[in-house]
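A short worksheet on the structure shown next.
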Amino acid sequence: QVQVVESGGGLVQPGGSLRLSCAASSSIFRFYTMGWYRQAPGKQRDMVATITSGAITNYADTVKGRFTISRDNAKNTVYLQMNSLKPEDPTVYYCNANYNNAYWGQGTQVTVSS
């Protein structure tokens with residue numbers, strides 16, 4: 001069983017920045033496709049960004065140019081740098097680790113408010 005743990009959420013003003021981190025407990029982390037997803041209350045969970053084992057990235061149109069996903073295989077960690085945050089950016093961000101099976105973290109809350 002792979003454990004996935006997110007951190008870095010919090011309260012930020014509109015236009016501000018946050019960096020989320022996600023650590024996965026797997027000795028073969030480097031082979032995983034990692035992803036960030038987000039979910040607003042009462043709505044479905046949507047993909048924000050993904051990064052493959054070969055560091056190929058993919059972003060939702062709503063975050064292109066504002067968010068950047070990256071990974072550090074030596075630290076078993078994937079990051080999501082979020083800039084120019086908007087009040088309408090949904091609140092709970094989840095990390096996903098995918099290699100044959102999919103594993104989810106517990107989520108970290110991001111609140112954008114003045």
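Which of the residues that make up the stretch 86-106 are surrounded by 15 or more Cβ atoms within 10 Å (Cβ to Cβ) and either of a type in the set (D, E, K, R) or over 14 Å from the mean Cα position of the chain (by Cα) (or both)? Walk me through it before giving the result.
To start, the set of residues in the stretch 86-106 that are surrounded by 15 or more Cβ atoms within 10 Å (Cβ to Cβ) comprises 89-99, 103-105.
Residues satisfying the conditions are ASP89, TYR99.
Which ones in the stretch 48-61 are touching a Gly at 6+ places or on another chain (Cβ under 9 Å) and open to solvent by 60 Å² or more (accessible area, probe 1.4 Å)? Break it down stepwise before answering.
Here is the first cut: in the stretch 48-61, the residues touching a Gly at 6+ places or on another chain (Cβ under 9 Å) are 48-51, 58-59.
Listed by number, the list holds a single entry, ASN58.
Report every pair of residues separated by at least 6 positions or lying on different chains whose Cβ atoms are under 8 Å apart, first residue within the stretch 30-41 and closer than 13 Å to VAL110 by Cβ, second of a type in the set (Asp, Glu) and part of a strand (DSSP E or B).
Pairs found: TYR37/ASP46; ARG38/ASP46; GLN39/ASP46.
Under 9 Å between Cβ atoms, at least 6 apart or on separate chains: pull out the pairs that start in the stretch 65-92 with a residue that is of a type in the set (Asp, Glu) and end on any residue that is crowded, with 16+ Cβ neighbours inside 10 Å and in a strand (DSSP E or B).
Qualifying pairs under 9 Å: ASP72/VAL78; ASP72/TYR79; GLU88/VAL112; ASP89/ARG38; ASP89/MET82; ASP89/VAL110; ASP89/VAL112.
Quick one: which strands (runs of 3 or more DSSP E) lie wholly within the stretch 1-47 and hold at least 2 residues that are within 14 Å of the chain's Cα centre (by Cα) and surrounded by 12 or more Cβ atoms within 10 Å (Cβ to Cβ)?
Numbers: elements: 4-7, 10-12, 18-24, 33-39.
In the stretch 1-47, the matching strands (runs of 3 or more DSSP E) lie at 4-7, 18-24, 33-39.
Just one of (1) within 14 Å of the chain's Cα centre (by Cα); (2) surrounded by 14 or more Cβ atoms within 10 Å (Cβ to Cβ) trips up LYS64, so point out which.
Just one mismatch for LYS64, condition (2).
Just to be sure before I move on: is ILE69 surrounded by 12 or more Cβ atoms within 10 Å (Cβ to Cβ) and of a type in the set (A, V, I, L, M) in the structure I sent? Write out each step before concluding.
Values: surrounded by 12 or more Cβ atoms within 10 Å (Cβ to Cβ): yes; of a type in the set (A, V, I, L, M): yes.
In short, yes.
The values are calculated or read from the model by the stated rules, or taken from the named source; none is laboratory data. Quick caveat, the model's predicted, so the values are computed rather than measured. Positions of Cβ are backbone-derived with ideal geometry, glycine not excepted, and every protein chain shown enters the neighbour counts. Side chains are part of the model used for accessible areas, which takes the heavy atoms of the whole protein and leaves out ligands, DNA and RNA. Shrake-Rupley method; radii C 1.70, N 1.55, O 1.52, S 1.80 Å.
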